[in-house]
Each structure stands twice: as C-alpha cells, then as structure tokens.
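Here's the structure we're looking at; comments come further down.
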Amino acid sequence: MRRICDDRGYTLVEILAVLGIIGILTSIAVGTFVASTQRAQRIACQSNVRILDGSIETYRADHDGRAPATIDDLSPYVTSFDRTSRCPADSTQSLRYVTDPQPSIVCDYHDH
C-alpha cells in the first residue's frame, strides 16, 4: 500500500513562497496602519481646533465681544488645555492663534 503523506518535509521553494506571501501581507498591513494612524491624528487635530474655536466664542461672550489676546487666554475654557493646544501628529507643534481676518486657531502641521 502506498503512503499518501511524505516524510521529507517542505522544499526550499515552498518555504520561500510562504515567506514571500507573509512579507507581502505584512507590508500591506503596515501601510494601512500608518495611513489610518495619520488619518486619526488629523481628525484629532481638527477636533482640537474646533474645541479651541468654540472656546474663542465663549471667551467673546464672557468679555463683551472682545477676542482673546493670546491662545493662553483660552486655558480656563478648555479642559486639558496643554494637550488640546498641541497637534496630536507632532506634540512639539502648538496650534496657532490668528486674529486676521477673524480670531481662529490654525494647525501649521496640517495646513501646509
């Protein structure tokens, strides 16, 4: 009777084919992960900008329509101001307060 199973193991070509497939799948997964991480950081930064823009409006309502002089004036209006006022993609990059044409918050990291 002939055996269906061969005890010799795998050939080098079979092992290299499997490693090649694993490498391709890994590169696809890493690329997808990096893209989704960047997208999440951009969305978090946009959320921070909206929070700070809303705090500008609250500041103006509390101060008879006057705009804040600096972004630091908004700190009483934002919980965890130190984290919110920085871009999540680059924690060394602070969000910038501009007054022209109207007071708003800008992220130099995402706006170039």
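The values are calculated or read from the model by the stated rules, or taken from the named source; none is laboratory data. All figures in this text were calculated on a predicted structure; none of them were measured in a lab. All Cβ positions, glycine included, derive from the backbone under ideal geometry; neighbour counts span all protein chains shown.
Here are the numbers:
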item: Residue match in segment 70-77 (condition: in contact (Cβ under 8 Å) with a residue 12 or more places away in the chain, among the aliphatic types (A, V, I, L, M) and in contact with a strand residue (DSSP E or B) (Cβ under 7 Å, 6 or more places away or on another chain)); result: yes
item: Yes/no for residue 17 being part of a helix (DSSP H, G or I), of a type in the set (Gly, Ala, Ser) and under 29 Å from residue 109 (Cβ atoms); result: no
item: Only listed residue being more than 15 Å from residue 104 (Cβ to Cβ), free of Cβ contacts under 8 Å to residues at least 40 places away in the same chain and not aromatic (Phe, Trp, Tyr), chosen from 54, 31; result: 31
item: Whichever residue in segment 71-102 is modelled with pLDDT under 90 and over 30 Å from residue 37 (Cα atoms) and, among such residues, is surrounded by the most Cβ atoms within 10 Å (Cβ to Cβ); result: 99
item: Tally, over segment 75-112, of residues that are over 23 Å from the mean Cα position of the chain (by Cα) and closer than 14 Å to residue 51 by Cα; result: 3
item: Verdict on residue 103 being more than 18 Å from residue 44 (Cβ to Cβ), in contact (Cβ under 8 Å) with a residue 40 or more places away in the chain and of a type outside the set (Phe, Trp, Tyr); result: yes
